[in-house]
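Beneath this line is the structure, given in structure tokens, with notes to follow.
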Amino acid sequence: MKTLTKELWIETPTRRAIVSIHTDVEALVAQSGIAEGLVLVNAMHITASVFINDNESGLHADYERWLEGLVPFNPGSDPATGGYLHNRTGEDNADAHHKRQIMGREVVVAITGGKLHLGPWEHIFYYEFDGRRRKRILVKIIGE
Amino acid sequence: MKTLTKELWIETPTRRAIVSIHTDVEALVAQSGIAEGLVLVNAMHITASVFINDNESGLHADYERWLEGLVPFNPGSDPATGGYLHNRTGEDNADAHHKRQIMGREVVVAITGGKLHLGPWEHIFYYEFDGRRRKRILVKIIGE
Amino acid sequence: MKTLTKELWIETPTRRAIVSIHTDVEALVAQSGIAEGLVLVNAMHITASVFINDNESGLHADYERWLEGLVPFNPGSDPATGGYLHNRTGEDNADAHHKRQIMGREVVVAITGGKLHLGPWEHIFYYEFDGRRRKRILVKIIGE
């Protein structure tokens, strides 16, 4: 069994952002020399997601609006006015901890014949819900 | 390490459908000859899900109604009237790209003693959100 | 390749509860002797989740309120009054089957250097949506 482990660092200039990490993951799979196996890609922070969907900016704007409707940003800590108890810790990012549950922490992707085994439109993204600071994504590849 | 890789093809006659793929995955695990390992089962299309839940038609109808409430089908592309920017690409399936995020892209299931290691009611399903065309599901098994 | 398989039993005294299983998973990784690999942790029941997020009680209370808003508990079986068709089976836990889809069935975590490879605040939890009876969580570790 062979493995490759790599932490990718990312810092988005905005609070929220969707960033393609597709070619980074592709390059690591090639570098691993693994022909058959699995790659795990996960956010190492609990206010961010890794997900697979369409590389289309209109859809990404739709996600933004939709997630904001399901769990609005509110820096307050009083649920009666839309705030979150979590923000009593001094944070203002409770919404981010919720949004990341909708979009997911991780993806697991097959490697076949030395390449990511994906459908025609599958594209790997990082979704930042509380950015403007350095955060990490983990890529772990196992196989042979 | 041994691996087995198989793409399952599916075409649902309706736009939306929940289809059991449980026995297909079971048969592939048996065919693989792998006693201890993991199986990844994922939709290869970004308007579909693979998930594990109850094999009960009432629940499936509940999911349909619930998901439609969270992110309604709307072929329009004007958010002011409930449409989606994604539909400006000529598609009408933006809702499907959202619904799949709720239900998930993939499941990873343990293999123990040559069989799927599942709880008593766990059942593997494919959830089609934009059907009426041929689509694929990937099954990737690794282990020994 | 080495593997370790363990079912953890849990019984929460309340219908809903968030329970840390972090140190249990850590101990199993240490026990496995696996230095490089993956660990799958999944609920074996379809009215429960395993997820990774913050070990902060305010956030957990926020999750409770939020999930209840997205898919309220209702023991009835008439959708016109907020019930669920699933409850016609004699169950009253249809909401639990929905909540678990939001929070997820499983997590897959990397093992590097013999330890869980996690970010600074990642913490592994079990989320019970229909407790007061014995249920199981599966931990499956593969690697070398």
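The values are calculated or read from the model by the stated rules, or taken from the named source; none is laboratory data. Because the structure is predicted, anything quoted here is derived from the model rather than measured. Virtual Cβ from ideal backbone geometry, glycine too; neighbours counted across all protein chains shown. Each accessible area value is taken on the protein alone, full model and side chains, heavy atoms only, with ligands, DNA and RNA left out. Shrake-Rupley method; radii C 1.70, N 1.55, O 1.52, S 1.80 Å.
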Scattering from the C-alpha atoms of the protein assembly as shown alone, worked out with Debye: what is log10 I(q)/I(0) at q = 0.07, 0.09, 0.11 1/Å?
-0.30, -0.52, -0.81
Under 8 Å for C-alpha pairs, at least 6 residues apart: give me the relative contact order for region A:59-120, rounded to a whole percent.
20
With heavy atoms of protein chains only and a 1.4 Å probe, what residues of region B:56-105 have at least 50 Å² less accessible area in the full set of chains than alone?
B:Asp62, B:Arg65, B:Trp66, B:Leu70, B:Leu85, B:His86, B:His98, B:Gln101, B:Ile102, B:Arg105
Using unit Cβ charges (K, R positive; D, E negative) and no other charged atoms, how large, in debye to the nearest 20, is the dipole of chain B about its Cα centre?
420
Greater than 25 Å separation of Cα atoms is the criterion. Which listed pairs, A:Lys140/C:Lys2; B:Lys2/C:Lys140; A:Lys99/B:Lys115; B:Lys115/C:Lys135; A:Lys140/C:Lys99; A:Lys135/C:Lys2, meet it?
A:Lys99/B:Lys115; A:Lys140/C:Lys99; A:Lys135/C:Lys2
Copies compared at A:Ser20 - label distances in nm, ascending, label defined 7 Å from Cα in the Cβ direction:
4.1, 4.1
What does the charge dipole of region A:2-69 about its Cα centre add up to, to the nearest 20 debye, if the Cβ of each Lys and Arg holds +1 and the Cβ of each Asp and Glu holds -1?
220
What does the helix-only formula give at 222 nm for the protein assembly as shown: each DSSP H stretch with n ≥ 4 adding -39500 (n - 2.57), the total divided by the residues, and the result rounded to the nearest 500 deg cm²/dmol?
-7500 deg cm²/dmol
Within a Gaussian network of chain A (alpha carbon springs, distance under 10 Å), most fluctuating of A:Gly83, A:Gly58, A:Gly119:
A:Gly119
As an exercise, identify the GluC sites (Glu not before Pro) in region C:1-42 lying in DSSP coil whose Cβ has no more than 14 other Cβ atoms within 10 Å.
C:Glu11
Rh (Kirkwood, all Cα-Cα pairs) for region A:48-144, Å, reads 15.5
Accessible area per residue of the protein assembly as shown at 1.4 Å probe, in Å²?
36
Which longest run of chain B has no exposed loop site in it, a site being trypsin sites (Lys or Arg not before Pro) in a DSSP loop with at most 11 other beta carbons within 10 Å, and the site itself not part of the run?
B:1-132
Spatial separation of Cα centroids for region A:58-122 and region C:33-111, in angstrom:
16
Compute the length gained on full extension between B:Gln31 and B:Arg15: take 0.36 nm times their separation in residues and subtract their Cα-Cα distance, giving the result in nm to one decimal.
2.6 nm
How many Å² of accessible surface get buried when C and B come together, counting both sides, probe radius 1.4 Å, rounded to the nearest 100?
2600
With a 1.4 angstrom probe the carbon and sulfur portion of accessible area for chain C, in percent, totals 51
Solvent-accessible surface (1.4 angstrom probe) belonging to B:His22, in square angstrom, nearest 10
20
Mean separation of Cα contacts under 8 Å, 6 or more apart, over the residue count of chain C: relative contact order %
53
In region B:110-128, accessible area falls by at least 50 Å² from chain alone to full assembly (1.4 Å probe) for B:His117, B:Glu122
Along Cα→Cβ at 7 Å, what distances in nm separate the C:Gly33 label point from those on the other copies, shortest first?
2.6, 2.6
Solvent-accessible area lost in complex, 10 Å² minimum, residues of region A:1-49 relative to chain alone, 1.4 Å
A:Met1, A:Thr3, A:Thr5, A:Glu7, A:Glu36, A:Gly37, A:Leu38, A:Leu40, A:Met44, A:His45, A:Ile46
Sorting from shortest, the nanometre distances separating the label point of B:Glu7 (7 Å past Cα along the line to Cβ) from those of the same residue in the other copies are 3.7, 3.7
Can you pull a Stokes-Einstein diffusion coefficient for region B:1-99 at 20 °C (1.002 mPa s), Rh from Kirkwood over Cα pairs, as a whole number of µm²/s?
133
Name the residue farthest towards the positive end of the dipole of the protein assembly as shown from the options B:Leu40, B:Tyr84, C:Gly131, assuming +1 on Cβ of Lys and Arg, -1 on Cβ of Asp and Glu, about the Cα centre.
B:Leu40
